[in-house]
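Report on the structure given below.
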Amino acid sequence: MKFATVGTGWITESFIQAAKLSEQYQLVGVYSRNEENARKFANQYNASNYFTDLEEMAKNEEIQAVYIASPNSLHFEQTLTFLKNKKHVICEKPIFSNTAELEKAYQTAEENGVYLFEAIRNIHTPNFKILKEKLHLAGDLRSAILPYMKYSSRYDLFLKGEEPNIFSSLYSGGALVDLGVYPLYLAVCLFGEPMKVSYHPVVLRSGVDGSGTLLLNYKGFVCTILCSKIVDSMIPCEIHGEKGTFVLEDAAPISEIKFHDTHTKESKILSVDQEEQNMVYECMNIADIIETNNHEEYEQLKDWSSIVLRITEEARKQNHIVFKAD
């Protein structure tokens with residue numbers, strides 16, 4: 001599948017490397033607002049075309065799909081531009097700022113006969129599939145704690161008085177939508193949509209959350225999600241059931257899964273070795289869905305994206321965290 005990219009940051013480089021590793025993609029174009037950056041990026045990754053105009057890029061007949069990794073608030077308009085020109089879109093998480101944008105984008109994709117995906121790497125990995133398949137071993141679930149807390153170097157700039165995109169309401173930033181979506185996706189994909197959501201953030205002077213605790217109420221248990229871009233955490237993820245406990249080294253990537261049996265007190269490793277470039281799994285899965293026209297799996301991914309975005313939107317509303325895109 002011939003694809004192009006929007007954005008020239010490290011995450012775009014990782015996607016290009018993963019796409020190449022999958023052997024299912026060919027990079028044919030890159031976009032940057034800066035012509036010199038676009039040219040350098042294209043040369044670095046042997047792309048045959050570079051663009052500084054999105055409309056021109058969208059009309060290019062060689063391009064079949066586009067990977068978007070621009071600032072969060074730009075995702076929606078850029079995605080619509082490509083969907084309307086019948087390009088499949090793989091949009092980096094968080095896919096959009098709110099559910100109104102999501103509904104409009106899915107409608108546009110359907111009208112133009114193309115697919116729209118949210119790039120969220122952890123749920124496509126072999127170890128996630130193992131976890132989902134083996135979850136019953138824990139018996140009745142009673143609690144879960146899923147942290148994803150990583151200090152951002154951009155917070156140093158924020159403390160100096162600057163306002164990087166990820167800490168800006170103008171660009172739809174904040175800890176929950178940037179990092180919290182990883183454990184939130186785990187919860188939604190494993191446990192379904194919660195009955196109740198409650199978010200308790202540390203709100204920064206820019207109006208977005210630097211960190212926070214998200215509580216998801218399910219029948220019989222509560223899932224606690226910890227997210228932050230202003231502190232680090234060494235706590236593993238845990239899922240607690242009456243028969244046993246799952247311990248995950250991290251929410252993304254899920255490099256190790258250990259199951260501890262409550263009654264025998266024995267522990268065993270359930271995980272398998274994965275590719276170091278773990279984005280390869282989402283690349284392969286997305287390509288397979290497009291190539292085989294797998295609507296069933298596509299609809300499942302759409303449903304998960306919708307639930308996750310509804311939760312983050314509700315969490316923001318509870319705390320008067322407003323994006324310009326709203």
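The values are calculated or read from the model by the stated rules, or taken from the named source; none is laboratory data. It should be emphasised that the depicted structure is a prediction, and the values quoted were computed from it without experimental measurement. Note: ideal-geometry Cβ built from the backbone for every residue, glycine included; neighbour counts use all protein chains shown. Side chains included, ligands, DNA and RNA excluded: accessible areas come from the protein's heavy atoms. Shrake-Rupley method; radii C 1.70, N 1.55, O 1.52, S 1.80 Å.
The table that follows gives values for the structure above.
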{"item": "Flag for residue 299 being within 20 Å of residue 182 (Cα to Cα), modelled with pLDDT under 95 and out of contact with any helix residue (DSSP H, G or I) (no Cβ under 9 Å at 6 or more places or on another chain)", "result": "no"}
{"item": "Condition check for residue 105: in contact with a Leu (Cβ under 9 Å, 6 or more places away or on another chain) and of a type in the set (Gly, Ala, Ser)", "result": "yes"}
{"item": "Condition broken by residue 215, with the remaining ones in (1) surrounded by fewer than 20 Cβ atoms within 10 Å (Cβ to Cβ); (2) closer than 23 Å to residue 96 by Cα; (3) out of contact with any strand residue (DSSP E or B) (no Cβ under 6 Å at 6 or more places or on another chain) satisfied", "result": "(3)"}
{"item": "Condition met for residue 320 (open to solvent by 20 Å² or more (accessible area, probe 1.4 Å), of a type outside the set (Lys, Arg) and assigned to a strand (DSSP E or B))", "result": "no"}
{"item": "Selection count where residues are in contact (Cβ under 8 Å) with a residue 60 or more places away in the chain, open to solvent by 30 Å² or more (accessible area, probe 1.4 Å) and of a type outside the set (Phe, Trp, Tyr), scope the range 291-312", "result": "3"}
{"item": "Where residue 26 falls short, out of the listed (1) within 23 Å of the chain's Cα centre (by Cα); (2) under 24 Å from residue 102 (Cα atoms)", "result": "(2)"}
{"item": "Close pairs from the range 102-115: first on the phi < 0 side of the Ramachandran plot, partner among the aromatic types (Phe, Trp, Tyr) and open to solvent by less than 100 Å² (accessible area, probe 1.4 Å), Cβ under 6 Å, at least 6 apart", "result": "102/96"}
{"item": "Considering residues of the range 260-275 that are of a type in the set (Asp, Glu) and out of contact with any Gly (no Cβ under 6 Å at 6 or more places or on another chain) only, the residue surrounded by the most Cβ atoms within 10 Å (Cβ to Cβ)", "result": "275"}
{"item": "Residue that is of a type outside the set (Asp, Glu), farther than 23 Å from residue 220 by Cβ, open to solvent by less than 30 Å² (accessible area, probe 1.4 Å) and more than 20 Å from the chain's Cα centre (by Cα), where the choices are 158, 167", "result": "158"}
{"item": "Where residue 247 falls short, out of the listed (1) more than 25 Å from residue 166 (Cα to Cα); (2) in a strand (DSSP E or B); (3) out of contact with any Pro (no Cβ under 6 Å at 6 or more places or on another chain)", "result": "(3)"}
{"item": "Options 246, 259: the member that is aromatic (Phe, Trp, Tyr) and either in contact with a His (Cβ under 9 Å, 6 or more places away or on another chain) or free of Cβ contacts under 8 Å to residues at least 12 places away in the same chain (or both)", "result": "246"}
{"item": "Index of the failed condition, residue 252 passing every other in (1) in a helix (DSSP H, G or I); (2) farther than 23 Å from residue 203 by Cβ; (3) small (Gly, Ala, Ser)", "result": "(1)"}
{"item": "Among the candidates 62, 55, 110, residue that is at pLDDT 95 or above, of a type in the set (D, E, K, R) and closer than 30 Å to residue 183 by Cα", "result": "110"}
{"item": "Some residue of the range 132-139 being open to solvent by 30 Å² or more (accessible area, probe 1.4 Å), of a type outside the set (Asp, Glu) and farther than 20 Å from residue 255 by Cβ", "result": "yes"}
{"item": "Residue within the range 28-46 that is out of contact with any Ser or Thr (no Cβ under 9 Å at 6 or more places or on another chain), outside any helix (DSSP H, G or I) and modelled with pLDDT of 95 or more present", "result": "no"}
{"item": "Only one of 265, 229 that is over 28 Å from residue 167 (Cα atoms) and not β-branched (Val, Ile, Thr)", "result": "265"}
{"item": "Condition met for residue 38 (free of Cβ contacts under 8 Å to residues at least 12 places away in the same chain and either closer than 17 Å to residue 325 by Cβ or open to solvent by less than 20 Å² (accessible area, probe 1.4 Å) (or both))", "result": "no"}
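Residues checked against (1) touching a Leu at 6+ places or on another chain (Cβ under 6 Å); (2) at pLDDT 95 or above:
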| residue | (1), (2) |
| --- | --- |
| 255 | no, no |
| 259 | yes, yes |
| 269 | no, yes |
| 288 | no, yes |
